[in-house]
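Asks: Quick one: the structure is below, questions incoming.
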Amino acid sequence: MKDTSDDVALSEVIGFVLLLGLVVAALSLYMVYVVPISGREDEITQLNRINEQFTDYKFTLDNIRTSVHVNNLSPVMTSTSFNLGTGGGNTQAGGFFLYMAQPASSSATLSINTTGDTFNIDSSSYHNSMGDKGEFPINITALEYRSNNNYWIQQKYSYQLGGVFLSQDDGITNRISPLISFANTSNNSVVVNIAPVQVVGGGSLSGNGPARVDTRLRILPKYNISTDPYVSNTWVNISVTSADYTTAAMWLNIFNDTAIREQLALTAYKSGISPPGSKPTTAFINITGTNSDPNWKDVSLYVQRAEFYVAFNNIASESGITPTPTPTTTTTTTVTPTPTPPPAPTPTFVSIAPSSGLTAGGTGVTITGTNLIGATAVTFGGTAATGISVVSSTSITATTPAHAAGAVNVVITTPNGTATGTNAYTYVSPPTFTSISPNSGPTTGDTAVTIAGTDFVSGGSFGVTIGGAAAANVVWTSSTQITAVTPVGTTGAKDVVITNNDGQTATGTNAYTYLAPAPTVTAITPNSGTRGTTVSITDLAGTNFVVGTTPTVQLTGGTTVTASSVVVSSSTKITCTFTLPGGGSSGTYNVVVTNTDGQSGTLTGGFTITK
């Protein structure tokens, strides 16, 4: 009988080879078709989970910001878990074939980055006309998750300006809108609310597995573009400038969708974008309200800035857990240390203009320095100024308080510290008036006078007025004396006002009197009379007689005879009566007219008394 053991053994070998071939073929088909499908499903599931985690992260930060700014609670740190990539083969138990049958693990990177885009806010409170670049440009920063997929398209989720965004091959889309709102009011005005949220930190975390993101809100002052109550404007402009047209177009959609959602009237706003191909590209929305009056301020603006500091931590490395190694794969997680945030810049004082002013206060000043945003107080010699307005990070305007004379420190207080201008502002005592000599003169002016007082300061607006008219040839002799020449004036007592170079004044009330020109006497009719008789003068002729007054009319010579019944008919005629004495000397007498201001005129030998 033939021995068939060799044939049987050969048959078994062939059968095993065939079986092994079937297994390899099946495994190959599995690896070609099943594993990629499974891997794609894992990566899709992972990115859906990331979408949910970014959504939760956004609402968590919103709650923190609201608790601090609305409820005045202290800021707290929040910790959020993110999964980097998928587990894949290197996380599966089992042998080599089971490992090979699993999809390859994917990885991802978490980081804080600057997007390169700029968010701009502007309003009529700061510019007379609208433009693309706002008064407060913000370089947008973002918390980003970048996938490193093996089977599915690459995606990037980002949290920026309080919204959630998704970027992939076909562009960028907004998943949750940023913190921008437009609200109609009952009087057809519009309230614009913006919360430009920034994230800072600068670190990154790469690999796969669990990661922790620690986030803390930093307390920052409001932008000066808004205050409580809301700033009223004729227009508000919001824009985003990007190097990428697709990104700018997405922001245009956000602006328009917000306006539509808030049911703004089409006449209340306009929006637009730079032409395709523009580099960079700007998308904008300009809100003007519905009032047809271009000067009507019916748009209110409130900007509530927020900044979160972010730090990354690898949960596995912190807890001492090391992933189990596999036969062919080693997983490495790379942590880039998150830098300690730099200290907030402290303010500095550079100058103040003007550098001196009234002891009574009320002087408007402009203070120049650096890092002045958020300034809460300005003091002069320890006394608080009023009307403080932070114009920019380098300029503040304020009104000085009252203070005693002398140099004082100017101190600016901000959330990040104080800045001091040592003896930067000088309070100057007001001048005083004591006397003017002579204290009277003709209305024609041109009288040299000397004014006495205290604290006279020359330069600038220094000067003297008499009766409101500027004196000529004003000379500052000392802090207690000034010389000047009177201007032309009108009859009567006038105020003398001295103005120092800082605008402070001293007044001598009715201190200087303008005198009318002295009278003259040219003729008298009749021009003679007999002793012991009464003579009626019908025409005492001359000039500069003052109608409405009673001057003194006299005959002077051997005796003095004073007239009675004196009447000033005009500035050139007087009537009166002389009662001539029965005794005394005969002969010629002078005729003297003395006005009520003491000035007099004489007609020498103008009247004769006979026996």
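The values are calculated or read from the model by the stated rules, or taken from the named source; none is laboratory data. Just so you know, these numbers come straight off a predicted model, no measurement behind them. When we count neighbours, we look across all protein chains shown, and the Cβ atoms used for this are built from the backbone with ideal geometry, even at glycine. To get the accessible areas, we keep the full protein, side chains included, count just its heavy atoms, and leave off ligands, DNA and RNA. Shrake-Rupley method; radii C 1.70, N 1.55, O 1.52, S 1.80 Å.
Asks: Once the principal axes of the Cα atoms of region 478-611 are found, what is the range along each, listed largest first in whole angstroms?
Replies: On the principal axes, region 478-611 reaches 73, 28, 19 Å in Cα extent.
Asks: A follow-up question, please. Counting Lys and Arg as +1 and Asp and Glu as -1, what is the net charge of the other residues whose Cβ lies under 11 Å from the Cβ of Trp152?
Replies: Cβ neighbours under 11 Å give a net charge of -2.
Asks: Let me check the size of region 144-189 from its C-alpha atoms; what are the radius of gyration and Dmax in Å?
Replies: When restricted to Cα atoms, region 144-189 yields Rg and Dmax of 16.2, 57 Å.
Asks: If ligands, DNA and RNA are left out, what is the accessible area of Arg261 with a 1.4 Å probe, given in Å² to the nearest 10?
Replies: Accessible area, nearest 10 Å²: 130 Å².
Asks: Using a Debye calculation, one point per C-alpha and no hydration shell, please list log10 I(q)/I(0) for region 352-457 at q = 0.12, 0.15, 0.18 Å⁻¹ in order.
Replies: For region 352-457 at q = 0.12, 0.15, 0.18 Å⁻¹, log10 I(q)/I(0) is -0.50, -0.64, -0.80.
Asks: Continuing with the same structure: Express in whole angstrom the spacing between the alpha-carbon centres of region 457-485 and region 49-67.
Replies: Region 457-485 and region 49-67 have Cα centres separated by 71 Å.
Asks: If we count every other residue with Cβ under 13 angstrom of Ala469's Cβ, Lys/Arg +1 and Asp/Glu -1, where does the sum land? List each step's numbers first, then the result.
Replies: Values: positive: Lys494; negative: Asp446, Asp495.
Neighbour charge sum, excluding Ala469 itself: -1.
Asks: Relative to the compact globular guide of 2.2 N^0.38 Å, what is the alpha carbon radius of gyration of region 492-570, as a ratio? Working shown, then result.
Replies: Values: Rg = 20.7 Å, N = 79, 2.2 N^0.38 = 11.6 Å.
Relative to the 2.2 N^0.38 Å estimate, region 492-570 comes out at 1.79.
Asks: Using amide H atoms built in the peptide plane, which far-off residues or other-chain residues are under 5 Å from Ile524 H to H?
Replies: Ala541
Asks: While we're looking at this one, here's another question. Starting from the Cα of Ala384, step 7 Å along the direction of its Cβ; do the same at Ser478; then give the gap between the two resulting points in nm.
Replies: 4.4
Asks: List the residues whose amide H sits under 5 Å from the amide H of Ser356, counting only those 5 or more places along or on another chain, with H placed 1.01 Å from N in the peptide plane.
Replies: The list, which skips near neighbours in sequence, is Thr426.
Asks: Another one. Ranked from highest to lowest mean number of other Cβ atoms within 10 Å per residue, what is the order of the peptides 265-277, 547-559?
Replies: 547-559, 265-277
Asks: Hey, another quick one. Which order do the peptides 112-119, 166-173, 152-159 take when ranked by the mean count of other beta-carbon atoms within 10 Å per residue, highest first?
Replies: The densest-packed peptide leads the list: 152-159, 112-119, 166-173.
Asks: Here is a further query. Need one number: convex hull volume per residue for region 536-609, Cα atoms only, in Å³.
Replies: Hull volume over Cα atoms, normalised by residue count, gives 76 Å³.
Asks: Starting from the Cα gyration tensor of region 424-550, multiply each eigenvalue by 5, take the square root, and state the resulting semi-axes largest first in whole Å.
Replies: Square roots of five times the eigenvalues give 46, 12, 11 Å.
Asks: Which net charge results for the neighbourhood of Phe59, defined as the other residues with beta-carbon distances under 12 angstrom from its beta-carbon, given Lys and Arg at +1 and Asp and Glu at -1?
Replies: -1
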